[in-house]
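S.K.: Let me give you the structure first, and then I'll get to my questions.
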Amino acid sequence: MPPAKRSFLQRHVLTQAFRRVETLTLVLVVLGLAWRAVRYGEGFPIWGDEGAIAVNFFHAHWMDAFGRLAYGQIAPLGFLWSEIAITRLFGYSEWIVRLIPFLCGTASLLLFWRWAPRLVDRRTALLAVAVLAASFYAVRYCAEVKPYAADMLVAMVLMALAWQTHRWPRRLGWWLALTAGSALSIWLSYTAAFVVAGMGIFLFITLRRQRWAWLWLAVLAVVAGGSFLLMYWVYARPHAQADPWYTSIFWRYAFPPMAKPWLIPWWLLEIHASEMMAYPLGSKNFGSSFTLLMVVIGGVSLCRSGNGKVVLFLLAPLIPALLAAAAQKYPYGYALRTMLFMGPSFCLLMGAGLSACLRRLVPRRLSPDGFRLTAMVIGAIAIVGMVRDVNRPTKDISDPQLRSAMRRVASLTPPGEPWVVLFGKELLYGEEVPPGKANPPRFQFYVLQQARGPVLWSPPAADVQPGTSGRVWVLAYLNQGSSPTRDRLTRYIEQLSERFAPGKAQVFPISGVGDARATEIDLLEFIARPAKAGQATTQR
């Protein structure tokens, strides 16, 4: 009997090595890890949002995290302490300050790779892993100084513990691990509160007929709830009270229109079809509609196949998150970063949706090849992303120019000599910057990183004292956003010139996006004037 004729895909596209689903899944994981390593290894210059949180790591003490943070930043205590610890040990390079998010991002992908096949079949898990491996935002936030990558990892660990508790409800060890993990996770990730609450809802619904399980659910609620209240009262509450403009300005579009309930359905559709669902790609203004469609199809197909518990398990954290948004306490879908804890769930459901479509639309004989080809196409996004990051290793064209300028400034100023730094509208280090002014934080980060002597932030000219060599260096950050004006800089120079002789001056222009972002850094040298005879006699 002649052998069956192989399809075109089998003969020309798929190698023998990729015929096995597990092998191709591993290849996609390696591809996703490679993209994350490339973006991290490129060492992108620090940009505005990263600088705003990173300046808090310099010269910080452990208890400083409980006070108001510079630039109105809000971050979990565990993230801040881990960053303070690692920068104290290894310094403040771009790679060091981003190491914690990078480790969290890579660990999330590895955990997802091992976890996904426990919830769905092999082929669906293949597509889900491909989506997460090639998701731009999941890669981006594991190479930025932000806590969002930790949100995803903490969520996956909690969900893995909850799923095992659901599978083995009579094993005390899983209940203890889930309870302890829930109490600890509250301090590592703010969004862990939604995951803990969602997992509690899931376990209550699935184990409600087992009355003895109610005891453990009550213990979980008391321990996790107590940990959250303590964290909120001693740590998160002071931060939120110090920076109310987050809810009044940045987050107002992420709250459902409770005053106009007839608009809530449209708001829900728009918020879920926008950046919140950008897996593997997407954008605002319904730019993630395809992902939303696949997630819906995936949820329906899982319910029809008798896996409704899996759908409830994956989407349960959305319930407390939506309630928090209705109470105007958390931005639901404001951006993907604030909902990154839902990334694994959305990727699994999208994989299920793609799987359902392939099974229905592709002939059964070609179905295995269709799954492999779809996974490869998704994985190609990671290859394109790596090429792009290598060719353009920066978020904004002005970021590398600013970093280069500050390195040049450091090379021109001898060690130990003071820097007098002028930037912002009478702003000092640690004070609030008007919302939307993202340039000063990155400048401030590089000042702190590159300075080899004392740094004085906008001091009165009369208080400036020279270094051991009798010199002072003035750095003026000038742009049309939040910066000192030319007139103010001129007046400051005139005041210094009463006691110091002007030396050399250099200007470092920095390109921007539009005239409003045009920036330059002026480096001015001042040399102490010799004391007059009368002054010397008086001092003696």
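Nothing in this text is a laboratory measurement; each read-out follows from the coordinates by a stated rule. Source: prediction; values computed, not measured. When we count neighbours, we look across all protein chains shown, and the Cβ atoms used for this are built from the backbone with ideal geometry, even at glycine.
S.K.: Distance between the C-alpha centers of the stretch 218-243 and the stretch 85-135? Whole Å please.
M.R.: 27
S.K.: Go through F102, F66, L80 and say which Cα lies farthest out towards the positive end of the charge dipole of the stretch 39-120; charges sit on Cβ, +1 for Lys and Arg, -1 for Asp and Glu.
M.R.: It is F102, whose Cα lies furthest towards the positive end.
S.K.: As a test, work out the antiparallel percent of DSSP beta bridges whose residues both lie in the chain, rounded to the nearest 5.
M.R.: So the antiparallel bridges amount to about 70 percent of the total.
S.K.: For a bin width of 10 Å, list the pair-distance distribution of the chain built from all Cα-Cα distances, rounded to whole %.
M.R.: 3, 16, 24, 23, 15, 10, 5, 2, 1, 0, 0, 0
S.K.: Taking a 26 Å limit on the Cα-Cα distance, which of the listed pairs K146/K329; K260/K329; K309/K329; K146/K395; K260/K284; K395/K504 fall beyond it? Show your work: numbers first, answer last.
M.R.: Numbers: K146/K329 20 Å; K260/K329 18 Å; K309/K329 28 Å; K146/K395 15 Å; K260/K284 22 Å; K395/K504 33 Å.
Flagged as over cut-off: K309/K329; K395/K504.
S.K.: Kirkwood hydrodynamic radius of the stretch 140-213 from all distinct Cα pairs, in Å?
M.R.: Kirkwood radius, the stretch 140-213: 12.9 Å.
S.K.: How much length is gained on full extension from V377 to V362, taking 0.36 nm per residue of separation minus their Cα-Cα distance?
M.R.: Once the chain is fully extended between V377 and V362, it gains 3.8 nm.
S.K.: Provide the net charge surrounding T394, with neighbours chosen by a C-beta distance below 10 Å and charges set as Lys +1, Arg +1, Asp -1, Glu -1.
M.R.: -1
S.K.: Please report how far the C-alpha centroid of the stretch 353-367 lies from that of the stretch 272-327, rounded to the nearest whole angstrom.
M.R.: Answer, in whole Å: 21.
S.K.: Take Y235, Y141 and order them by how many other Cβ atoms sit within 10 Å, fewest up front.
M.R.: Y235, Y141
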